[in-house]
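What follows is a single structure, written as structure tokens, with notes after it.
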Amino acid sequence: NGAICIQPCSPSFHGETSFVCEDRKWQMLSDACASLDVQSLFQNSLITGSDFMESKNCLGDGAKHFGAGNHSCQADFSCIIPDILSSPAIPGNIADIVELLKKISLLLSENVTRGKMQSYSRIANHILNSSIISNWAFVKDRNAGSILLDSVNLFAGKLLLRNGSESIQEPFIATKGYSIHRNTSGKSFDFSMEFNSTGNITGHVVIPEEELLRLPRASKAISVAFPTLGAVLETNQLDPAFVNGMVLSVSLPEELQNILLTFEKLNKLGQAGAQCVGWHSAERRWDPRACEVRAHNVSTVVCVCAHRRRTYRSFSILMSPATPRSSVLDYITRVGLGLSIFSLVLCLVVEAVVWHHVTKTEITYMRHFCLVNIAASLLVADVLFILAAFMHNTALNYQLCVAATFFLHFFYLALFFWMFTLSLLILYGLLLIFFKITRSVFLAAAFSIGYGCPLVISILTVAITEPKNGYLRSGACWLNWYETKALLAFVVPALSIIVVNLIVVVVVVVKTGRSSVGEGCKSRDLSSMIRVSKNVALLTPLLGLTWGFGLATIIDSRSLAFHITFAVLNAFQGFFILLFGTLLDRKTREALRMNCLSSRQKWDLEK
């Protein structure tokens, strides 16, 4: 009813009959030693060559239970199973059992017979039971689930096949194997397993016939299914997406490259999309680059996955209900980006045509200079956005994706910093009427803010996160969020600039609202409202305030209305810049009209 500390003992490896007791202390439950010292279990049960003696200072029960000469124990580990299965699957025991399975897979995986695999599966099944799977959240080693997966894959891959096939089934782990050769028709593994008390789920692995033709000699294929392990691996991820099917592992010859997997969804939500993924054993994360979706319906997902023995051996499907999937959003994004790019090109052409007419004063020169750089930055960013999506969908190499993300980050930041420069220019025109700055000073300051700050932030972001493989987001050519928070290098500057620009708009509204003194009451109120509304409409897209609606999608990420509003306001931002920044400017329209007139009409107009 309390806790006692005992010294763990191990047999001498030099043929001596005494125990070697270490000076470390192990905490165990006093009630029938419910918490097992699996190190002693492993050594005392599975290592031969010594007679084990009891010692009053050491764990005598281990010697009593697991004496030397227990050859059946060495053959199939059966002697340690009763003690393990009788121990509660508390977090400490889970960690110890994972370590035990790891040691068995590393040291005792030669000639894995059916008996060995059955015992191994029973031990693993004990800590994969759906009733205790939540205890994994309290295991100190956050990589314990990944270690278990790698250990089982390694051990199962050495399974010996009797008569060309083998099947070992426990409620929460199942192993199947087949002999394969180049003349075999397509092989498949079918799994139907218990997930919880409410029912079963299924999984299906197919090795296509054209893949089997690659085999130079007869070989074997092993597959292991885990209906509950996905929840354990998911606890190691900060991504809101969660595993929505069983985890299927395969052990195949290196010549076989692609396999088909069919997953039944655990959660059959109608709106949620599915993503086929492979477990990257080195980086210990789900990687969508390993698979692609072949077919998808309400209840099942068919994936085509690349089998790589050293990288991708386990596969599943992810679902992220937090972000609504809608064809309306895709349509708005495509149409908006197309129109935005066309509008920005037209905006730059118009500015080039009217430049000498509209930049005769210092303040107008500075304003149009900022507008041109805003349009140019957004144009390049929109084009890079499309290229980055193309790179992701066609699975181009990693370096290209990093380069696209770097420049995408840089130009979107440049967009915001040029908007910030424009807002400072507006404040200068409103508040510092008698303070004059020269064009050269303005250009130096503007380029330092508009391009210097984004360049520094972008370089620091990639330099800090890329060495740790934390620069890119899993499944997209964009900044990582869930592992390294690299996305903060975009979000923090962007939101800060939006807040400053919002304050500038408020200052403009206050200043213009007071400028109607001397008019009649009604006419003053009406002209003030018109002037304020016009200024807000003009400044909102130019200062990037539409991006502030992104906060609404964070607050309520499942609201399709918020996502559509955000997509409309930002996908069409290029069009809004052309409309409010160029076409509605009186001097720009006059300059365009002058360029369209013949020389005779210009002379008459000037007269």
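Ordered by 1.4 Å accessible area with all protein chains kept, LEU455, LEU408, LEU431 run largest first as LEU431, LEU455, LEU408. For LYS187, the residues whose amide H sits under 5 Å from its own are ILE207, ignoring neighbours fewer than 5 places away on the same chain, with H placed 1.01 Å from N.
At 0.36 nm per residue, and after removing the present C-alpha to C-alpha distance, how many nm does the segment from LYS587 to LEU460 gain when stretched out fully? Let's see the in-between values first.
Numbers: separation 127, 0.36 × 127 = 45.72 nm, distance 4.16 nm.
Taking 0.36 nm per residue and subtracting the Cα distance, the gain is 41.6 nm.
Please work out whether the stretch 299-385 counts as rounded, prolate or oblate from its C-alpha gyration tensor, where a ≥ b ≥ c are the square roots of the eigenvalues and a/c under 1.5 means rounded, while otherwise a/b larger than b/c means prolate and anything else oblate? Because a/c hits 1.5 or more and a/b exceeds b/c, the stretch 299-385 counts as prolate.
Using θ = phi - 60° in the Karplus curve 6.51 cos²θ - 1.76 cosθ + 1.60, the 3J(HN,Hα) couplings for the stretch 101-106 round to 5, 5, 5, 4, 5, 7 Hz; x is entered for Gly and Pro.
The stretch between THR113 and ALA561, if pulled fully straight at 0.36 nm per residue, gains 155.5 nm over its current Cα-Cα span. Ligands, DNA and RNA aside, GLU362 has an accessible area near 80 Å² when probed at 1.4 Å. Ranking of TRP279, TRP547 by solvent-accessible surface, largest first: TRP547, TRP279 (1.4 Å probe, protein heavy atoms only, all chains present). Starting from the Cα of ARG214, step 7 Å toward the Cβ, then list every residue of the stretch 273-287 with an amide N under 18 Å from that point. Under 18 Å, as judged by backbone N against the label point of ARG214, lie 278-279 of the stretch 273-287. Cα gyration tensor of the stretch 162-322, axes a ≥ b ≥ c as square roots of the eigenvalues: rounded (a/c below 1.5), prolate (a/b > b/c) or oblate? Prolate.
Rounded to the nearest 0.05, what FRET efficiency is calculated for LEU597 and LYS360 with R0 set to 30 Å and r the Cβ-Cβ distance? Mind showing how you got there, number by number?
On the way: r = 19 Å, r/R0 = 0.63.
About 0.95, to the nearest 0.05.
Here the label points at VAL402 and LEU551, each 7 Å from Cα along the C-beta direction, are separated by 3.6 nm in the simple model. Applying the Karplus relation 6.51 cos²θ - 1.76 cosθ + 1.60 with θ = phi - 60° to the stretch 123-138 yields 3J(HN,Hα) values of 5, 5, 4, 4, 9, 10, 4, 4, 6, 10, 4, 5, 5, 4, 5, 9 Hz, where x marks Gly and Pro.
Surface analysis of the stretch 162-322 yields an accessible area of 42 Å² per residue, using protein heavy atoms and a 1.4 Å probe. Ordered from largest to smallest accessible area (heavy atoms of protein chains, 1.4 Å probe), the residues TRP355, TRP136 come out as TRP355, TRP136. Residues whose amide H falls under 5 Å from that of ILE180, counting only those 5 or more places apart or on a different chain, are SER219, LYS220, ALA221, with hydrogens built in the peptide plane. Per-residue surface analysis assigns SER179 an accessible area of about 50 Å², computed on protein heavy atoms at 1.4 Å probe radius.
With all protein chains present, how much of the accessible area of the stretch 380-458 (probe radius 1.4 Å) comes from carbon and sulfur, to the nearest whole percent?
Ligands and nucleic acids excluded, carbon and sulfur reach 81 percent.
At full extension, PHE435 and LYS268 could sit 53.6 nm farther apart than now, given 0.36 nm per residue minus the alpha carbon distance. What FRET efficiency would be calculated for the residue pair SER165, VAL492, taking the C-beta separation as r and a Förster radius of 56 Å, to the nearest 0.05? The pair SER165/VAL492 has a calculated efficiency of 0.45.
The values are calculated or read from the model by the stated rules, or taken from the named source; none is laboratory data. This structure is a prediction, so every number in the text was calculated from the model and none was measured. We place every Cβ from the backbone using ideal geometry, glycine too, and count neighbours over all the protein chains shown. Side chains included, ligands, DNA and RNA excluded: accessible areas come from the protein's heavy atoms. Shrake-Rupley method; radii C 1.70, N 1.55, O 1.52, S 1.80 Å.
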